[in-house]
Every structure is written in structure tokens, then in C-alpha cells.
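The values are calculated or read from the model by the stated rules, or taken from the named source; none is laboratory data. Just so we're clear, the structure is a prediction, and the values are computed from it rather than from any experiment. Every residue, glycine among them, receives a Cβ derived from its backbone with ideal geometry; neighbour counts consider all protein chains shown.
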Amino acid sequence: MTFREDADISGRRRATTGGRGGRIAAGGGLGSLLLVGLFLLMGGNPGDIGQVLGGGGGQAQLPGGQTSELEHCQTPEDGNIHADCRVDYAAGSVDQMWETMLPEQAGIDYVAPGRVVFQDTVQSGCGAATSSTGPFYCPADQSAYFDVSFFDQLDRLGGDTDEASALIELTMVEPDDGWGLGLLRSAAGEWRLPTVDAPAGSRLRVRVRARDVMLATQKPEGISALNVVPARIAAIADGDGPQVLVRLDHGGEELIARVTRRSVETLGLAPGREVFAVVKAVTFDPEATAAAPARR
């Protein structure tokens, strides 16, 4: 996940130190997301979700010590650099989604649980936990726990490059063009994706993987790829190995392309250059498409 320069991070909460290297951000929503998904998957009644989330009461007191801010999490770019900022921002985005969807679809108010970001070990209301526990939810303190050392492991394994992706916001124009594809529009171009269940005019967030994005210095013609959109190179991330990540500005939306160093050199790719991003429609996963949160 990457965050655009204009991303709304206003949902970020105050933080309390908890556990070794841990931070507790009161009000995160990922715990409720996991609970609601598990509850419905097991056949629960949507009308009873309010009881699962703890009703309409206030935020539970979280374990930990002195209140403090995540002082290094100030801009959207911090979410692209720091793992704890990334979790904090992502949870805020999920909060916004559930604050809209849960009342509309289940008729109940969304109650956000606590959010604990730690590294290696932490003391929760359910006892001590380590990074080997994985993400978990503790009913005793109504908090979800996330160990950011997981992101360090991804970086060491090369996952940061291989699985890099971006979320772009598109508006549905035509749900089905007769070929099993939907026509959507961004601020800077048209997109065609496999049909998703969304009415015309709805706003969607779509995941575009860096490995699925090709770059062209001229608009290609006579190709099977249906998505050819204009973009400007914002930055090129340097690193070891034959691959690099190219960050693109697509009408205010961020795209990421994974290309070889050879392509960067031979095509003369550099920040500020205008290019075309080419993405095959069949590379999109409908399961990675969701309704965009309501604008505030």
C-alpha cells in the first residue's frame, strides 16, 4: 500500500506507549474489521454486529503508559517510509469506510477498537505476546495488535519491491460494456476492468500492482492492453538488483511501476518526464476492488 501526497490522514489518533517499542493508537478500526468479517463468515446475524463490537459505549482503556503522539507520522509520505505510520494511516482509512458502511448496511453505529503497533514483544490485556503470535485482537482491552517487524521481514525477502502496489480512486461510468468489462474514469483517463458489482456513479478504490504496469514514452497503438493512461514520473527509487520502482503521478493519483534498470537507462526515464502507463485489464483482481470512503 502507498499513500498519495494529498492523502487524508486526519483520522490519525493520539498514541500511548505500550509494550517494548509499542505504541497504542486509540480508535483504530482494523480490529473491528477482522471481527465483523469473522462473525459474518461464521453465519452471524448482521443485526447482532453491535454486540460483537461492544455496543455503542466509549473507548476502552488500553494498557500502557504515558500518552504521546506518533511525532514522526506527520505527512502521507511518512506512511510510505515508516511501518508504524503505514499501519496507523491504513487503519484510519478503514475507520472511514466502516463509519459509512456499517450504519448503512447493518443499521448500527461503528465502534472503533484500540490499535496497538509494537515490535517484537508487547503486554496486552490478554497477556504477553511476541511477533510469532501474528496480528491478533484482545477482547479484554478491545484492541487489535500489529507487530511491525513483519514489514522488516518483507523488506529482507524483497517483498517491498515484488508486491508493491498503489490504490487509485475511480468512478464507475458503465458497469458492463457487453464484454464483461466495466468502464471507469479517473481524473486523467479511462480504465477498463473486469465487471464489479457497483452502480454507475459509484466511487471505487482499485489496487494496481507495480509488476502489472508497463511504461511507454509514446502512446502505443495496436496492442491488446486496454488501459493506456498518461502519467508523469514523480520519482525513481534506487536500490540493489536489476529492478527499480518508478512512482507516477496520474492526475493526482499515484501509480507505481516495477521496471528494470536497463529500461530506465534505454528509455531515458527520469523524474518529470511524461509517459504512458500500460495495464492489461485481466491483471485486476475484483476482490481487491472496494467502495471508496465517503468524502468529508
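Write out, first by first residue and then by second, each pair whose Cβ atoms fall under 7 Å of each other, whose residues are 6+ apart or on separate chains, and whose first residue, in the range 71-86, is within 17 Å of residue 237 (Cβ to Cβ) while the second is aromatic (Phe, Trp, Tyr) and not in a loop (DSSP other than H, G, I, E, B).
79/89; 83/151
Within the bounds of the range 256-265, is there any residue that is touching a residue at least 40 places away in the same chain (Cβ under 8 Å) and more than 20 Å from residue 80 (Cβ to Cβ)?
From the range 256-265, those touching a residue at least 40 places away in the same chain (Cβ under 8 Å) are 256-259, 263; that's our starting set.
When the remaining residues are screened for being more than 20 Å from residue 80 (Cβ to Cβ), the result is 263.
There is at least one residue in the range 256-265 that is touching a residue at least 40 places away in the same chain (Cβ under 8 Å) and more than 20 Å from residue 80 (Cβ to Cβ).
If the Cβ limit is 6 Å and pairs must be 6+ apart or interchain, which residue in the range 227-241 that is basic (Lys, Arg) pairs with which residue that is at pLDDT 90 or above and surrounded by 12 or more Cβ atoms within 10 Å (Cβ to Cβ)?
232/249
From 282, 278, 208, 244, which residue is surrounded by 16 or more Cβ atoms within 10 Å (Cβ to Cβ), over 23 Å from residue 6 (Cβ atoms) and at pLDDT below 95? If you could, list the steps in order and put the result at the bottom.
Numbers: 282 fails: surrounded by 16 or more Cβ atoms within 10 Å (Cβ to Cβ); 278 fails: at pLDDT below 95; 208 fails: over 23 Å from residue 6 (Cβ atoms).
The match here is 244.
Cβ-Cβ below 6 Å, separation at least six or inter-chain, first residue in the range 188-203 and charged (D, E, K, R), second buried (at least 18 other Cβ atoms within 10 Å of the Cβ) and part of a loop (DSSP other than H, G, I, E, B): which pairs?
203/292
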